[in-house]
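The values are calculated or read from the model by the stated rules, or taken from the named source; none is laboratory data. Only a predicted model underlies this, so the values are computations on that prediction, with no experimental measurement involved. Heads up, the Cβs are rebuilt from the backbone with ideal geometry, glycines too, and the neighbour counts pull from every protein chain shown. Heavy atoms of the whole protein, side chains included, go into the accessibility calculation; ligands, DNA and RNA do not. Shrake-Rupley method; radii C 1.70, N 1.55, O 1.52, S 1.80 Å.
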Amino acid sequence: MSGAALGLEIVFVFFLALFLLHRYGDFKKQHRLVIVATLLAWYLCFLIVFILPLDVSTTIYNRCKLAVNSSPAESNGSYVTLAPSKQKCFKPWSYIPDGIMPIFWRVVYWTSQFLTWILLPFMQSYARSGGFSITGKIKTALIENAIYYGTYLLIFGAFLIYVAVNPNFNLQWNQLQTIGIAAANTWGLFLLVLLLGYGLVEIPRSHWNGAKRGYLLMKTYFKAAKLMTEKADAEENLEDIMEEVRKVSETIKYNHPLRKCVDTILKKCPTEYQERMGRNMDDYEDFDERQNSYPSEKSLAKLHKQVIYSVQRHRRTQVQWQILLEQAFYLEDVAKNESSATRQFVHTFHSQEPENKIIQYFYTPTVEWYWECLLRPWFYRVLAVVLATFSVIVVWSECTFFSTKPVLSLFAVFIQLAEKTYNYIYIEMACFLTIFFLSICVYSTVFRIRVFNYYYLASHHQTDAYSLLFSGMLFCRLTPPLCLNFLGLTHMDATISHKNTQPTAYTSIMGSMRVLSFIADGFYIYYPMLVVILCIATYFSLGTRCLNLLGFQQFMGDSEMTSDLIDEGKELIRREKRKRQRQEEGENRRREWKERYGNRDESTRNRVVHTDQKESSFSETNANRSLSKYTRSNGRTERDRIELLQDAEPLDFNADSVNDDPLESDSGR
């Protein structure tokens, strides 16, 4: 049973990571190595989150066994009974045998670290490279990462020299390994607290605002205005890049050595631009190196990189615009149906995608009206209150988890109460909900943030390869300190609890942080308290206000710029709505015309075809009759001519005045 629980979670997490990657990535167009590397990074990080509660329950059982072995005990079946207190140590249903978890954590941790610090940065540069060969892309990636890798090697080398020269330090390999892990976790914890402080406030607030239909509609109008600006900018940028590609294509002819590079660039262009450039190109004109100045391969690689970026951005804005239109139309339909007396949800436009028949059978217009207009707002409010309660507990525990006497961390209190009764199901559920909520707060922020067009995770298969790889790097760097922070909140980390008890398998892989006391006793304990300041700043939208002052338009209800963008977006949505209504009205008229006059037109067409067939058969019959008559008269004339030639004497005649063919002479007369 223990192996089955671990195997089921491994399989479930794999399909969860695959589902999320399919939502954001594009399996058909993106390189397979990018998909595999990102999937592996996401899978390992999610796996740590899901398996860690099993490690906690197994550790609690092992502690119970150690306590039993240190006192007189009696064996009784699947559990051990303490002689004096008659305490029972039940084996958890998800118990993992000794020796499996350390190997598992070691493989998972070091694989994720190899991905985040070595492989994924290299693949990022490889994916963004505009080279035309594998060797050229690898060379570009190595050059771009030389500074990145060189900095880390320089710091590590300086540290080794300092340790070797200083006689006070006598570090072994395990201690050096622990120092490296501590350095990586320190970097991850620094970023973790920033993302956690934002998510703890923004996730409950977004669900609370999700119950406000007017708020959502105004924010959708605001997004529409911003997205239209970005969409127009992407179209203009694509036009400029395509014009440059056209000039290069006309300059470099078919027999030029760099023509293969140009053809590679043309394959990345949209289809309509490829056809346009193909029509205007003369492939039979030779090139002359003396008359024209041709671009270099380096400039073509730069152009190739710009083409890939501009085409991806243009396609992403087009898809996001259509999705935003559907969302705006649906929110407007909800606002209209709230006052409906029939209590049936009526859509302005029919769905463009075919709906599932099972969903149509159960999710009727009446059910949809009750859910969208009555139940959904209350559901979002209740969910927001629950999430806000969790956020308050997390903030309190982050500020008090270092206190062991008394225990002030609420998560530690819950786990210790369950540990006394050895209720492993409750322990695993409490651990899972805690670390799952922490992961949602951190990972959702990773999915939401956008660094200009440098990093952006867009759903519906619109995320580029660079952003996918960058997200994998962030997950691999954030997950280990997130798990250590969770173990500290629950006092399962001996460094925090200050108890000489058996540590979890995950903590044993991390090593003892006592090697660096200023990190173990200082940074790891007091830095998470900054989450309080970050939560306050997020609650009052200080970051949003600062970005708005810098010129980056953000949605703020008390801003004049926000009001102008809302009005602009509302007009854009109204214009697109009229356009789609005209299209549907035209389609409906054509459908009605076809249904009303389609049979009559078909019968008329059949009559015309039948009449044409009769006329053609009649004309063919007359033609055959005339042809047979003409053939018979022609045969008679030919026989008469032969008889006359046989009876008459040969005469001299002038060929110019007499025609040889009697038929031609008759026709001439």
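Open to solvent by less than 60 Å² (accessible area, probe 1.4 Å), aliphatic (A, V, I, L, M) and in contact (Cβ under 8 Å) with a residue 40 or more places away in the chain: does that describe A232?
Values: open to solvent by less than 60 Å² (accessible area, probe 1.4 Å): yes; aliphatic (A, V, I, L, M): yes; in contact (Cβ under 8 Å) with a residue 40 or more places away in the chain: no.
For A232, the condition - open to solvent by less than 60 Å² (accessible area, probe 1.4 Å), aliphatic (A, V, I, L, M) and in contact (Cβ under 8 Å) with a residue 40 or more places away in the chain - is not met.
Kindly establish whether T538 is among the hydroxyl-bearing types (S, T, Y), in contact with a helix residue (DSSP H, G or I) (Cβ under 7 Å, 6 or more places away or on another chain) and over 29 Å from L44 (Cα atoms).
Details: among the hydroxyl-bearing types (S, T, Y): yes; in contact with a helix residue (DSSP H, G or I) (Cβ under 7 Å, 6 or more places away or on another chain): yes; over 29 Å from L44 (Cα atoms): yes.
For T538, the condition - among the hydroxyl-bearing types (S, T, Y), in contact with a helix residue (DSSP H, G or I) (Cβ under 7 Å, 6 or more places away or on another chain) and over 29 Å from L44 (Cα atoms) - is met.
Mind checking whether some residue in region 363-371 is surrounded by 15 or more Cβ atoms within 10 Å (Cβ to Cβ) and touching a helix residue (DSSP H, G or I) at 6+ places or on another chain (Cβ under 7 Å)?
Yes: region 363-371 contains one or more residues that are surrounded by 15 or more Cβ atoms within 10 Å (Cβ to Cβ) and touching a helix residue (DSSP H, G or I) at 6+ places or on another chain (Cβ under 7 Å).
So which of K570, K594, K577 is on the phi < 0 side of the Ramachandran plot, touching a residue at least 60 places away in the same chain (Cβ under 8 Å), open to solvent by 80 Å² or more (accessible area, probe 1.4 Å) and part of a helix (DSSP H, G or I)?
Numbers: K594 fails: touching a residue at least 60 places away in the same chain (Cβ under 8 Å); K577 fails: open to solvent by 80 Å² or more (accessible area, probe 1.4 Å).
Exactly one of K570, K594, K577 is on the phi < 0 side of the Ramachandran plot, touching a residue at least 60 places away in the same chain (Cβ under 8 Å), open to solvent by 80 Å² or more (accessible area, probe 1.4 Å) and part of a helix (DSSP H, G or I), namely K570.
Working only within region 548-600, note down all residues that are of a type in the set (V, I, T) and closer than 24 Å to T538 by Cβ.
Applying the first criterion (of a type in the set (V, I, T)) to region 548-600 yields 562, 566, 573.
Result: T562, I566.
Just one of (1) under 24 Å from G210 (Cα atoms); (2) of a type outside the set (A, V, I, L, M); (3) not in a helix (DSSP H, G or I) trips up S403, so point out which.
(1)
Across region 415-434, which residue is least open to solvent (accessible area, probe 1.4 Å) among those that are under 36 Å from the mean Cα position of the chain (by Cα) and among the aliphatic types (A, V, I, L, M)?
Step one: of region 415-434, the residues under 36 Å from the mean Cα position of the chain (by Cα) are 425-434.
Adding the requirement that they be among the aliphatic types (A, V, I, L, M) leaves 425, 427, 429-430, 433.
On the way: I425: 106, I427: 0, M429: 102, A430: 22, L433: 82 Å².
My answer is I427.
Go over the candidates Y539, Y527 one by one and state the one that is over 20 Å from S206 (Cβ atoms) and at pLDDT 85 or above. If you could, list the steps in order and put the result at the bottom.
Details: Y539 fails: over 20 Å from S206 (Cβ atoms).
Answer to the check: Y527.
Can you list the helices (runs of 4 or more DSSP H) found entirely within region 449-543 that contain at least 2 residues being farther than 24 Å from A183 by Cβ?
Numbers: elements: 465-489, 494-497, 505-510, 531-539.
Once the helices (runs of 4 or more DSSP H) in region 449-543 are filtered for at least 2 residues that are farther than 24 Å from A183 by Cβ, what remains is 465-489, 531-539.
Among V451, V386, which is the only one that is without any contact (Cβ under 8 Å) to a residue 12 or more places away in the chain, open to solvent by 40 Å² or more (accessible area, probe 1.4 Å) and under 24 Å from the mean Cα position of the chain (by Cα)? Spell out how you get there, then give the answer.
Numbers: V386 fails: under 24 Å from the mean Cα position of the chain (by Cα).
The conditions single out V451.
Restricting to region 555-567, and then to whatever is touching a helix residue (DSSP H, G or I) at 6+ places or on another chain (Cβ under 7 Å) and among the polar types (S, T, N, Q), can you tell me which residue is most open to solvent (accessible area, probe 1.4 Å)? Lay out the reasoning, then the answer.
Restricting attention to region 555-567, the residues satisfying the condition of being touching a helix residue (DSSP H, G or I) at 6+ places or on another chain (Cβ under 7 Å) are 555-556, 559, 562, 565-566.
When the remaining residues are screened for being among the polar types (S, T, N, Q), the result is 559, 562.
On the way: S559: 20, T562: 4 Å².
Across region 555-567, the extreme among qualifying residues is S559.
Could you identify the single residue in W93, W105 that is part of a loop (DSSP other than H, G, I, E, B) and under 30 Å from E419 (Cα atoms)?
Values: W105 fails: part of a loop (DSSP other than H, G, I, E, B).
Of W93, W105, the one residue that is part of a loop (DSSP other than H, G, I, E, B) and under 30 Å from E419 (Cα atoms) is W93.
Please work out which one of (1) over 30 Å from I323 (Cα atoms); (2) open to solvent by 40 Å² or more (accessible area, probe 1.4 Å); (3) in contact (Cβ under 8 Å) with a residue 40 or more places away in the chain; (4) not aromatic (F, W, Y) is the condition D464 fails and give its number.
The number of the failed condition is (1).
For A412, are the conditions met, namely being more than 30 Å from G522 (Cβ to Cβ) and either open to solvent by less than 20 Å² (accessible area, probe 1.4 Å) or in contact (Cβ under 8 Å) with a residue 12 or more places away in the chain (or both)?
No, not satisfied.
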